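First comes the structure, then the notes that go with it.
The values are calculated or read from the model by the stated rules, or taken from the named source; none is laboratory data. These figures come from a predicted structure and were not determined experimentally. Reconstructed Cβ throughout: ideal geometry from the backbone, glycine too, with neighbour counts over all protein chains shown.
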Amino acid sequence: MNTEEKKENLDTEENNNQNVADTELSNNEASNKEDAPEDKLKNQITELNDKVLRLLAENQNLRKNHEKEKEDIIKYGSFNFASQILGLTDNLDRAFSIFKNNEKFKDKEFLEITSGIELIEKELQNTLEKNFITYIDCLNKKFDPNFHQALSEVESDKEPGTIIDEIQKGYMLHDRLLRPSLVNVAKSTKKS
């Protein structure tokens, strides 16, 4: 082979290599162009799935919150009425304590009245309990600002912070404070 033929063969080989490279490049570009829409679609599908999952979770949270609010309305809907009925309970307690503590009402002629008031008081307490209104027992217990309201501190031999006198009964409605107990609390008799 002469030089010219060698040169021609080299040129042809280079052209063939160039054509193969161009073909591979154009095939890769075409492949990339085809992948790009698929990638976009996959990304869009992923984004939409994420949005749907978030919306479903949000909807479920809203449903749970709505159910909780509905339960609270049912459970505590009578809160205002219960607060108002406690005034009647207090007045009945005062009336009954007058009859119990006054010697003149211990005669036979007042025995029926006393028994009647006692029955009314028991029935009222039963009605309160049926409606989940419970009395806060506080005498001789530690003062708790979550359930008690102190009116004064009184010198006493009892441990400081102990409730020694109940001025007004406190009540709970289910697990919520309906009205705090009004109390007097013991303070130390020691002078510093």
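Tell me yes or no: at least one residue of segment 82-91 is modelled with pLDDT under 85, β-branched (Val, Ile, Thr) and assigned to a helix (DSSP H, G or I).
No, the conditions are met nowhere in segment 82-91.
Does Lys70 count as of a type in the set (Lys, Arg) and modelled with pLDDT under 85? Outline the logic, then answer.
Details: of a type in the set (Lys, Arg): yes; modelled with pLDDT under 85: no.
Here the answer is no, as Lys70 does not meet what is asked.
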- Task: Could you please let me know if Ser156 is out of contact with any Ser or Thr (no Cβ under 8 Å at 6 or more places or on another chain), among the polar types (S, T, N, Q) and not assigned by TED's automatic domain parsing to the domain that holds Asn91?
- Result: no
- Item | Residues of segment 138-154 satisfying the condition of being loosely packed, with under 13 Cβ neighbours inside 10 Å and either without any contact (Cβ under 8 Å) to a residue 12 or more places away in the chain or not hydrophobic (A, V, I, L, M, F, W, C) (or both) | Asn140, Lys142, Pro145, Asn146, Ser152
- Task: Determine which single condition Pro145 fails, assuming it passes every other condition in (1) over 16 Å from Lys169 (Cβ atoms); (2) part of a helix (DSSP H, G or I).
- Result: (2)
- Just checking, which of Lys100, Lys104, Lys68, Lys64 is of a type in the set (Lys, Arg), in a helix (DSSP H, G or I) and loosely packed, with under 10 Cβ neighbours inside 10 Å? Lys104
- Go through segment 64-95 and count every residue that is over 16 Å from the mean Cα position of the chain (by Cα), farther than 14 Å from Ile133 by Cβ and polar (S, T, N, Q). 1
- What number of residues within segment 107-144 satisfy the criterion of being at pLDDT 90 or above and among the acidic types (Asp, Glu)? 4
